[in-house]
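The values are calculated or read from the model by the stated rules, or taken from the named source; none is laboratory data. Everything quoted here is computed from the prediction, not taken from an experiment. Cβ sites come from the backbone with ideal geometry, for glycine too, and all protein chains shown count toward neighbours.
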Amino acid sequence: MSVITGRPGPSPGKTEAAVTSGASEPCESCHASRVGIYNPPMPIDLDRPPTQAEVTRFLRLITKTDTGCWIFQGEHSTRDGYPHHRPGPGQPQWVAHKYSYRIHKGLIEDGYQIDHVCHTEAVAAGTCEGGDDCPHRKCVNPAHLEAITASENTFRQNHANRNKSECPKGHALEGDNLIVWADGKRRCKACRQERRAK
């Protein structure tokens with residue numbers, strides 16, 4: 001029977017240098033090699049079609065309402081009220097309604113913005129005042145999303161806002177109760193005071 005004396009050879013995942021130095025962790029090159037083999041990073045390509053797993057994960061975060069809006073229940077911590085979504089580990093975040101347009105209708109052409117048609121119609125009807133608390137910003141129903149130019153988007157919002165005679169709570173948008181912002185949008189002073197009093 002042979003008897004082996006002295007230092008044992010390197011264990012799997014350790015180099016001879018790591019064993020000799022008494023290090024408890026493998027060297028960086030060995031670690032990087034294992035990570036590359038077993039956990040290859042997902043390539044970041046905004047133009048590639050989403051995978052079925054990514055689409056399924058997105059759809060699980062949607063609640064459909066009686067109004068026809070699909071309310072996204074994912075990340076809502078953005079200050080402007082637009083929820084964001086990360087398709088998978090290592091992937092960049094998307095604004096949720098833009099991601100919904102991407103997976104249902106295709107790429108967004110350069111120079112185009114995604115308009116919430118449900119919001120434009122609600123503003124024209126006087127049932128939505130807009131702003132960061134607007135519920136339509138969470139809508140990801142592709143039937144409510146339309147790709148339009150920035151100038152058309154601005155025109156739609158200004159046109160719809162100018163047609164309102166009262167706010168969603170019934171306050172008249174006239175006289176001392178009317179606030180006109182620098183961008184031309186009209187706001188209700190009474191509603192603003194109520195929000196500040198909370």
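Annotations
- Among the residues of this structure, GLY68 counts as one that is over 30 Å from GLN193 (Cβ atoms), touching a residue at least 60 places away in the same chain (Cβ under 8 Å), part of a loop (DSSP other than H, G, I, E, B) and of a type in the set (Gly, Ala, Ser).
- Helices (runs of 4 or more DSSP H) within the range 71-175 that include 2 or more residues at pLDDT below 95, charged (D, E, K, R) and under 26 Å from LYS189 (Cβ atoms): 150-162
- The condition of being among the polar types (S, T, N, Q), within 30 Å of ASP47 (Cβ to Cβ) and surrounded by fewer than 15 Cβ atoms within 10 Å (Cβ to Cβ) holds for only one of SER151, SER100, SER165, that being SER151.
- Within the range 40-58, considering residues that are modelled with pLDDT under 50 and loosely packed, with under 10 Cβ neighbours inside 10 Å, the one nearest to TRP70 (Cα to Cα): PRO43
- Qualifying residues in the range 181-198 (those that are modelled with pLDDT of 75 or more and not in a helix (DSSP H, G or I)) - the one surrounded by the most Cβ atoms within 10 Å (Cβ to Cβ): CYS188
- Output for the range 104-123, where each listed residue is in contact (Cβ under 8 Å) with a residue 12 or more places away in the chain and among the small types (Gly, Ala, Ser): GLY111, ALA122
Here's the yes/no breakdown for (1) in the same structural domain as THR67 (by TED's automatic domain parsing); (2) out of contact with any Ser or Thr (no Cβ under 8 Å at 6 or more places or on another chain):
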| residue | (1), (2) |
| --- | --- |
| GLN113 | yes, no |
| CYS118 | yes, no |
| VAL123 | yes, yes |
| GLY126 | yes, no |
| GLY175 | no, yes |
